[in-house]
Amino acid sequence: MDDYPDTTEKWWEMVRCNRLELRRLIAAYHPYYRAVSQKSGLDTAADSTRITATAAEQRCEVERKIIASQTVEDPLIAFDLYLESGRGDKLADLLSQTWFGAPESQDVHCAGFGTLCRLCSESGLVYDEEERPDEPPT
């Protein structure tokens, strides 16, 4: 499934069809796990990736620290819970946080990354009108 989802149903179908790849990306790139690993002195996949957009990486690092400090539950447990309970808004937020956690590198474009990007791009499909984050007024 390489198309962008254009309905809520297709968005959810894309999540369900790519569940394992999305979980792998969350485990590899969500800022929560990177912060835990760094506190333990361990490297993550993100730490060993060659950076190809240095300025963007520096800005994302600021956001990653904020995300990590505000994350209160294990992201993989949250992913499963949001998927099971149909909380598209929370799931979209979690996927967006994972996208921010991925290094600014052409090397990160691995299996599932395009799906993650498409789901983030079309996350407005799963928010109620009043819940959509940072949308300019129309």
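The numbers here are math on the coordinates, done by the rules we state, and not lab data. Just so it is clear, the model here is predicted, and its values are computed rather than measured. Here the Cβ positions follow ideal geometry from the backbone for every residue, glycine too, while neighbour counts run over all protein chains shown.
Points to keep in mind about this one:
- Charge sum, other residues only, whose C-beta stays under 9 Å from Ala111's C-beta, Lys/Arg counted +1 and Asp/Glu -1: 0
- Among Arg118, Arg19, a tally of other beta-carbon atoms within 10 Å of each Cβ gives an order, fewest to most, of Arg19, Arg118.
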